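Read through the structure below, which is laid out as structure tokens, and then see the notes.
Each value in this text was obtained by applying a stated rule to the coordinates, not by laboratory testing. Treat the numbers as computed from the prediction; the structure is a model and nothing was measured. Glycine also receives a Cβ, built like all others from the backbone with ideal geometry; neighbour counts cover every protein chain displayed.
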Amino acid sequence: MKKVKVEESSNIKTTKSKKLGVVKCKITKNKTLSTSHKNTNKKWILIDATDAVCGRLGAYIVHRLNGKHLASYTPNTDDGDNIVVINCDKIKFTGNKENQKLYRDHSDYVGNVRIRTASEVREGKRPTDLLRITVERMLGRCRMSYKLASKNLYLYAGSEHKQEAQSPMVIDFAKLNRKNVIG
């Protein structure tokens, strides 16, 4: 269809073509809708991390925390879900990352760098740090990311959690994709 001439009035656009003749169509102005924290509906989600791959689980958690699974995703609004992860001490790594992956921690004093492998972090005081560090580094560095990681993410090393009163929806992470679980 070859357009010959276009005439525009306030709301009606007229197009003339050789094959169809005169075509009229109504112009509508679309408004971009942005959600605010007042009209968000946050869900509670429970994920069992037994034998789950650390990076894949972290990416899934970040996707749900940001709210990117929603059609009403807004980058500057906390419209993601609240996530409870149990059995974080049973998380797995692919390949030989358990012994080769290094976690560096610095206290801002000269010469005070602490380097630990993933197995040393797991055997330490907080085995949930493996998943927490993964999620925090995937979120990025801003105030919104800090809020998402600290207020909307609950990690537990055992199978018991304190958020039973919210009756979280259980998501079987292993059944979403065969690559999500090792073993």
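Considering L148, L130, which residue is surrounded by 18 or more Cβ atoms within 10 Å (Cβ to Cβ) and in contact with a Leu (Cβ under 7 Å, 6 or more places away or on another chain)? Walk me through how you get there before you give the answer.
Values: L130 fails: in contact with a Leu (Cβ under 7 Å, 6 or more places away or on another chain).
Of the residues listed, the single one that is surrounded by 18 or more Cβ atoms within 10 Å (Cβ to Cβ) and in contact with a Leu (Cβ under 7 Å, 6 or more places away or on another chain) is L148.
Return the residues of the range 163-183 that are within 12 Å of L57 (Cα to Cα) and acidic (D, E); say none if nothing qualifies. Residue satisfying the conditions is D172 alone. Name the pairs whose Cβ atoms lie under 6 Å apart, with the first residue in the range 80-109 and on the phi > 0 side of the Ramachandran plot and loosely packed, with under 12 Cβ neighbours inside 10 Å, the second assigned to a loop (DSSP other than H, G, I, E, B) and among the hydroxyl-bearing types (S, T, Y), and 6 or more positions between them or separate chains? Sorted first by the residue in the range 80-109, then by its partner, the list stays empty.
Just checking, how many residues over the range 58-107 are under 10 Å from the mean Cα position of the chain (by Cα) and not β-branched (V, I, T)? Adding up the residues that qualify gives 12.
Filtered by the rule that a residue be aromatic (F, W, Y) and under 23 Å from I133 (Cβ atoms), the range 45-82 gives a lone residue, Y60. In this structure, does A52 turn out to be within 17 Å of the chain's Cα centre (by Cα) and closer than 23 Å to S159 by Cα? Yes; evaluated as a whole, the condition is true for this residue.
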